[in-house]
Amino acid sequence: MKQMTHTIENWEFTQKENKNWMKAFVPGTVHTDLHKNGLIPHPYVEKNELDLQWIDKKEWLYKSELNITADMLEQECLDLVFDGLDTIASVTINGELIIEADNMYRQWKKNIKAFVVEGNNELLVHFHSPIGYGIEQLNNSPYTLPAPNDDSVLGGVEDNKVSMFIRKAPYHFGWDWGPRFVTSGIWKAPRLECWSAARIDDVYVEQKDISEEIAVLNVHVTIQSTMDQTLNLELSTTDFSLEKVLDIPAGKTTVSLPVELVQPDLWWTHDLGTQNLYDFSVNIKKSSTIVDTKTVRTGLRNIRLVQKPDSQGKSFYFELNGLPVFIKGANHIPLDTFLPEISEKQYEEEISSVRNANMNMIRVWGGGIYESDLFYSLCDENGLLVWQDFMFACSMYPGNSEFLENVSIELEENIVRLRNHASIALWCGNNEIDSMWKEYGENTSWGWGWKSQYEPHHRKEVWQAYDTIFHKLIPEKLNEHLPENNYWPSSPLSELTYDENQHSSLKSHKGDIHFWNVWHSRAPIEDYNNFIGRFMSEYGFQSFPERSTYGKITEDHNLSIESDIVNHHQKNKSGNDLILYYLNQYFKAPKSFEGYIYMSQQLQAYAFDTATRAHRKAMPYCMGTLYWQINDSWPGASWSTIDYYGNWKAGHYAVKEAYKETILVYEEKDSQILVHGVTDSLKDRSFDLKMYHAQFDSETMDHFKSIHVTVPKQSSTLILEIDKASFSNQERNNSSYLYAELINESGETVEMAVKLFDKLKNISLVQPDITYSSEQINDDIEFVIESDKFAKGVYLQTSVKGKFEYNHFDLVPGKKRTVRFIPAENTKSDLDTDLKISSMIDYY
Ligand code: BMA
């Protein structure tokens, strides 16, 4: 009989004690449903967050009617499937309890055949207060556990931090870039699956050995059967098929089918090759009737994290199909606090912004969610690697058997859901816990001082729970379900040695490093040049979002740098102070709120430009850079380079430039200015390097050197040394700049790099005259922009929806810049008259 999947619609919800049923949007959350019904203001507007903390202390009911037909009842199994219940929920059908859920990362499923009747059946989901549940757990625990980002005080529960007791996205409890909304809801679409006889639960393409000659695979098909029976199985993919007769017993059975593909088309990241993907289709048949069918898509590739001892310590790099890859990317957080609000389009735009900025990796950070299937499919299709954290961050976790059992199912389910994605390069246990706790070494106050709060026997217990989850449970589950995995227990980590060498430090010559002296410790931005590890998996610098983003959360008259609303939308406690501190160190004082936004973005761009170029220059010692953070989960100031509404900040344009295949990096060393060429190209590259020198008030540049240079493949190479003495003291202070361009063999300028000799706060820029011409090219508009003098941070703005290909760039006299504007769908591009061009001098 044919399998049928039914969506479950027409939901209503109410606060438990009111029984005032209202329309609910499923998938959804209580907060968004309350807002859509006009009962609460928008949670992201102004300081509404403060007034909405009551919601997480209440109980909420969601109900729908399941209309069960005679046809459905003829099937043997009626599986009610919730892919996401957030979080503490009891599900009843016609008053009978069928599911008790306590983990938003798990699937909850029940065959409800015995609980339903023909006709209408009441389906009710009762969400218990996550805070109430957490406090109960806390009261039952002999001690509390650290969770510095859990903003329990804002939540009105004093210092009762409970996030670590609930398998619910940690950032819902507050983070230093996001609000606290501990919501509840059916966050993924539920369904009813009606089937008989047998079904395919899962298809996993194990990649045992992949090379250009041959792909040795094992395709594992998991079948669920209601009886002992004989089934025909067909498996096919490009240029390959097989059939097999199977005796399947009742219950769950996994059959493994060895497959070899000769000369497979390998999967590559977009910067190295093609994103070849194979569809593997499986049919199961009874006689000649198809009982079930399933297709999974995967890319065949060999990806290894290489940690090889070398003269300086140990390498930490990714090797794709035998080639070392320098990793350029960013850290990703969930795109919204209210997860069901995230549209497919938002995912598509994020991933296209990752690729367009020349990144090849994105890290799914451990304080959010295991991302949606769409997210990983987009990464597969766009040739991006994923560093996948398990969902544990900045906290210690309980180690009791119920918690471990719950986590263990969560791990299994998510590994199985995600394991066919070619993009996933690394699985990482958690974010920063190893270095926050710092178990090894004499000093109990090491790390973040967490250890010193515990009696020795409790301290031991807390670490034991950590050790169990991250050093035993996760690797065991990975090895069981994905034998070809790369696993890294915590980020950052030096090496898993079980002694004091384990923890990452800024001097580590092994493992990965999170470098936060710039920003959290007010170190100068140039320190990015001095602290470079084998792999820089986090470092960050904040800025304010676009002006239009603030326009969506409050009225114009509330917008100032002192405004409590602007401050409320800054979740890093000293964040705005730090922005002002750094602005004061580097730039002249902005004269308006718009000036603060612009300058903060320019400064972030400078910080990310400095860091990413320093990391790339340090290759092959350093083999990766992932800045913190690419996106936002609500409108506010943060380390992101794309704001909540998808606007690219100056920083995103800066990393797009710094992540190009070939770049120039300046370095000041003693009496010299060194120019390095860095390339990720797989071939040696030859260029003409042209160097110019000019005064800020000059309308021409002096061309003082042209040389032909070769940058060997995948290298960082010193290509020019310039004596500082070639320039006068005055010039080296604040009156002049250097400009370099790299021209490739086809005559294209592939890199333009300006070097200032001093901080911009000490430089007197001169008002430039910036002009442009434009031309419509298909749907896009191409602008050719030029300036009569040096123009810092040229900023193009329009009210037309869409994106500039480049923005926030420097212009020098005599060198034009071509910039395309790509309008958003359905936008008429009449921006020619609307284009506004400004540069730094206009903001102070
Ligand atoms: C990192 C992250 C986050 C945090 C960020 C900024 O270490 O892992 O926990 O938001 O720092 O402080």
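The values are calculated or read from the model by the stated rules, or taken from the named source; none is laboratory data. This structure is a prediction, so every number in the text was calculated from the model and none was measured. No Cβ is skipped: glycine too gets one built from the backbone with ideal geometry, and neighbour counts run over all protein chains shown. These area figures cover heavy atoms from the full protein model, side chains too; ligands, DNA and RNA do not enter into them. Shrake-Rupley method; radii C 1.70, N 1.55, O 1.52, S 1.80 Å.
Across the stretch 41-57, computed HN-Hα scalar couplings (Karplus, 6.51 cos²θ - 1.76 cosθ + 1.60, θ = phi - 60°) run x, 5, x, 8, 7, 6, 10, 4, 3, 5, 8, 10, 6, 5, 4, 6, 9 Hz from first to last residue, x flagging Gly and Pro.
Derived scalar couplings between HN and Hα for the stretch 396-409 equal 9, 10, x, x, 6, 5, 5, 5, 5, 5, 4, 4, 4, 5 Hz in order, rounded to whole Hz, by the Karplus curve 6.51 cos²θ - 1.76 cosθ + 1.60 (θ = phi - 60°), x for Gly and Pro. Dimensions of the stretch 567-693 along the principal axes, based on C-alpha atoms and rounded to the nearest Å, stand at 50, 32, 24, largest first. Computed from the C-beta positions of I707 and N530, the FRET efficiency with R₀ = 30 Å rounds to 0.55.
Close amide H partners of N430, meaning residues 5 or more places away or on another chain with modelled amide H under 5 Å apart, are F390, S490, S491. In a fully extended conformation the segment linking S311 and Q776 would gain 161.8 nm over its present Cα-Cα distance, using 0.36 nm per residue. Placing K705, K345, K815 in order of accessible area, with the largest value first and a 1.4 Å probe, yields K345, K705, K815. Protection proxy ranking, highest mean first, for peptides 313-324, 243-254: 313-324, 243-254, where packing is the per-residue count of other beta-carbon atoms within 10 Å, averaged. Peptides 56-63, 360-367 ranked from most to least packed, by the mean per-residue count of other Cβ atoms within 10 Å: 360-367, 56-63. The accessible surface of the chain, taken with every protein chain in place and a 1.4 Å probe, is 45 percent carbon and sulfur. Near the amide H of D310, within less than 5 Å, lie the amide hydrogens of S315, all on another chain or at least 5 residues away, with H placed in the peptide plane. Two numbers describe the Cα atoms of the stretch 683-759: Rg and Dmax, which are 13.8, 41 Å.
Semi-axes of the equivalent ellipsoid for the stretch 588-660, computed as √(5λ) from the eigenvalues of its C-alpha gyration tensor and ordered from largest down, come to 25, 15, 9 Å. Among residues other than E348 with Cβ under 12 Å from its Cβ, the summed charge is -3 (Lys and Arg +1, Asp and Glu -1). Its relative contact order, with pairs defined as Cα atoms under 8 Å and 6+ residues apart, puts the chain at 9 percent.
Sorted into 10 angstrom bins from 0, the C-alpha pair distances of the stretch 288-363 split as 14, 27, 29, 19, 9, 1, 0 percent. What base-10 log of the normalised intensity I(q)/I(0) is obtained for the stretch 1-106 from the Debye formula, alpha carbons as equal point scatterers, at q = 0.12 Å⁻¹? One equal scatterer on each Cα of the stretch 1-106 leads to -0.52.
Only Cα sites of the stretch 37-162 enter the Debye sum here, all with the same form factor; the resulting log10 I(q)/I(0) across q = 0.22 1/Å is -1.28, listed in q order. For the stretch 475-561, what class follows from the C-alpha gyration tensor (a ≥ b ≥ c being the square roots of its eigenvalues): rounded when a/c is under 1.5, otherwise prolate if a/b is larger than b/c, else oblate? Note, shape of the stretch 475-561 comes out oblate.
Each 20 Å bin, from zero up to the one with the longest distance, holds this percent of the alpha carbon pairs of the chain: 14, 45, 33, 8, 0.
Near V291, the amide H atoms lying under 5 Å from its own belong to I284, K285, K286; only residues 5 or more places off or on other chains count, and H is placed 1.01 Å from N. Rounded to 0.05, the FRET efficiency of the N501 and R522 pair, given R0 = 45 Å and the Cβ-Cβ distance, is 0.95. If you average the alpha carbon positions of the stretch 211-268 and of the stretch 14-30, how far apart do those two centres end up, in angstrom? First find each Cα centre; the distance between them is then 45 Å.
3J(HN,Hα) couplings calculated from phi for the stretch 789-794 with the Karplus curve 6.51 cos²θ - 1.76 cosθ + 1.60 (θ = phi - 60°) are, in sequence order, 9, 4, 10, 8, x, 5 Hz; Gly and Pro show x.
Using the Cβ of P620 as centre and a radius below 10 Å, the other residues enclosed give a net charge of 0, where K and R count +1 and D and E count -1.
Restricted to Cα atoms, the stretch 779-818 shows a radius of gyration and a Dmax of 10.9, 31 angstrom.
If you look at the Cα atoms of the stretch 687-844, you get an Rg and a Dmax of 17.6, 56 Å.
Our summary gives the stretch 413-531 a relative contact order of 28 percent, counting only alpha carbon pairs under 8 angstrom and 6 or more residues apart. Average projection, convex hull of the Cα set of the stretch 344-446: 8.3 square nanometres.
Taking all Cα pairs closer than 8 Å and separated by 6 or more residues, the relative contact order of the stretch 475-595 comes to 16 percent. Considering all different alpha carbon pairs of the stretch 514-587, the Kirkwood hydrodynamic radius works out to 14.1 Å. Which residues in the stretch 373-395 have a backbone N closer than 20 Å to a point placed 7 Å from the Cα of D159 along the Cα-to-Cβ line? Under 20 Å, as judged by backbone N against the label point of D159, lie 394-395 of the stretch 373-395. With Kirkwood's inverse mean 1/r over C-alpha pairs for Rh, give me the Rg to Rh ratio of the stretch 96-148, two decimals please. Radius of gyration relative to Kirkwood radius: 1.14. Between E661 and N120, the contour length at 0.36 nm per residue exceeds the Cα-Cα span by 188.7 nm. In this structure the chain gives 39 Å² per residue of accessible area when probed at 1.4 Å with all protein chains present.
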